[in-house]
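Worksheet: one structure, shown below.
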Amino acid sequence: MFGKQQMDIWWPKWWLSPQKCSLFFLFSFFFLFKILDTLLQSDMDYWSAPKWIIFSPERVLSSGLKMYMVESKGGAIACMLLSLLLLGTWPALLTLLERRGRLPQHTYLDYTITNLLAAVIIAFTFGQFGSSTPERPDFLTQLSQDNWPSVLFAMVGGMVLSLGNLSTQYAWAFVGLSVTEVVSASITVVIGTTLNYYLDDKINKAEILFSGVGCFLIAVCLGSAVHSSNNADNKTKLDNYSNDYKDGVGTNGISSFKQTNFNPGSTNDLEDGGASGKAKFGTAAFLIELENTRSIKVFGKGTFIGLAITFFAGICFSMFSPAFNLATNDQWHTLKDGVPHLTVYTAFFYFSSFCFLIAMVLNLTFLYYPILNAPKSSFTAYLNDWNGRGWALLAGLLCGFGNGLQFMGGQAAGYAAADAVQALPLVSTFWGVILFGEYRRSSRKTYTLLGAMLFMFTAAVAILMASSGHRK
């Protein structure tokens, strides 16, 4: 395990701690919401202000006596971009904890608590402020309405998202943060976007939308090739290390290697990657030290395992957005006449609640019956494990608010276009390269494939956003 001092060194010192970072995030959210609320209630003539400080809430939100809903294309794109940043950052926090030895069961239990908290905050702010109307009831009013068919769709969406998130936590260990996010997100877009396009009655521009889907499909193939090439590079490094040093080992005996120059009480750790006396990023010694520190041992495991988990996660992710679409728009006409559709905020609450339930049941089970050779634990051990808990809780908040913003944008511009937030691997790859040393000292072939993968991914995101429509 690692100490609190180790957990904080990689983050800029002015954040001080994950707990303060979480509080800063929450206060920032409420501060921005209060500014928005003030602007919407004001009689100020916004158009008379200078152009660089123009506020036009009519173009972003509808307000007045109704609850706040994103309705314009510009507002939807703003939600997508913020969602992209949040959804691309939280995986890096969970990956960091696994690399430093924290059990994934402990991390995910913490994460899922604040993931639900984010949905509750959104429901009691955006979903509750404003007068409730028969056409658009507020959050508490909808809890007592006969809308169970839509609620069940939302719960199904939460279930598959929970399974997908849980799978990726193990996939990150086997194939790395970058490839896991790219491959799973690409599968999500190829399947999920196609389903959402037809569910949304084709409000998105098909010729543009499916060109973007094609780019994502190419990114899937390139992502698999990147992993295969990088895996071969690492095997070569480890084999050469075994040949050069009598006390070194190859991939078959890696677990018996006693790491050198690693002091758990020091102010540096594996992510320093080039600090004095530490193994450098991308070297065989770095890979060996990382293997001895992390909670999920991956050396000696086949490439197929990591990719299989990643593809399973992608299939799960491809289902959650269409299920949420059905929950909020009732395209299959499952609601009784006169029963209003679930608002985004109510659907997101049910969605997150069931996501929480599935995650709690599975991870409590995995404490006592771990998978993939992860260490066994207990509920008591989980409660006493405070090392890195703040970062896991922060990751849950980031993911929760990120998902909420994605759905708010999708309800306005079409859920197919909102799948552009699957560009989160662009953010995750940045964290993977900068923080974790992924792809350092790899071959030219790996670098070429990685560059091509990211290029196709960027192109796909731009094309998907360009296909945004407007829900009537």
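The values are calculated or read from the model by the stated rules, or taken from the named source; none is laboratory data. Since this is a predicted model, take the numbers as computed values, not measurements. Using ideal geometry, Cβ is built from the backbone for each residue, glycine included, and neighbour counts are taken over all protein chains shown. Areas reflect the complete protein model, heavy atoms only, side chains present, ligands, DNA and RNA absent. Shrake-Rupley method; radii C 1.70, N 1.55, O 1.52, S 1.80 Å.
One table, with the values for the structure above:
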read-out: Ranked packing of 81-90, 377-386, 130-139, most packed first, by mean Cβ within 10 Å; value: 81-90, 130-139, 377-386
read-out: Label point distance in nm, S211-A232, each placed 7 Å from Cα along Cα→Cβ; value: 3.4
read-out: Solvent exposure of the stretch 88-223 as accessible area per residue, Å², 1.4 Å probe; value: 29
read-out: Heavy-atom accessible surface of the stretch 74-128: percent carbon and sulfur, 1.4 Å; value: 87
read-out: Accessible carbon and sulfur surface of the stretch 387-438 relative to its total accessible area, %, 1.4 Å; value: 79
read-out: Global geometry of the stretch 327-434, whether rounded, prolate or oblate, following the gyration tensor of its Cα atoms and the 1.5 cut on a/c; value: oblate
read-out: Most to least accessible of T125, T194 (protein chains only, probe 1.4 Å); value: T194, T125
read-out: Estimated inter-spin distance, I371 and T448, nm [label 7 Å along Cα→Cβ]; value: 3.7
read-out: Global form of the stretch 161-213, assessed from the alpha-carbon gyration tensor, a/c cut-off 1.5; value: oblate
read-out: The stretch 128-238, relative contact order [Cα under 8 Å, separation at least 6], %; value: 23
read-out: Ratio of Rg to Rh over the stretch 69-195 (Cα coordinates, Kirkwood Rh, two decimals); value: 1.01
read-out: Of K235/K280; K73/K336; K205/K445; K205/K336; K280/K376, pairs whose Cα-Cα distance is over 27 Å; value: K73/K336; K205/K445; K205/K336; K280/K376
read-out: Å² per residue, accessible surface of the stretch 428-469 at 1.4 Å; value: 44
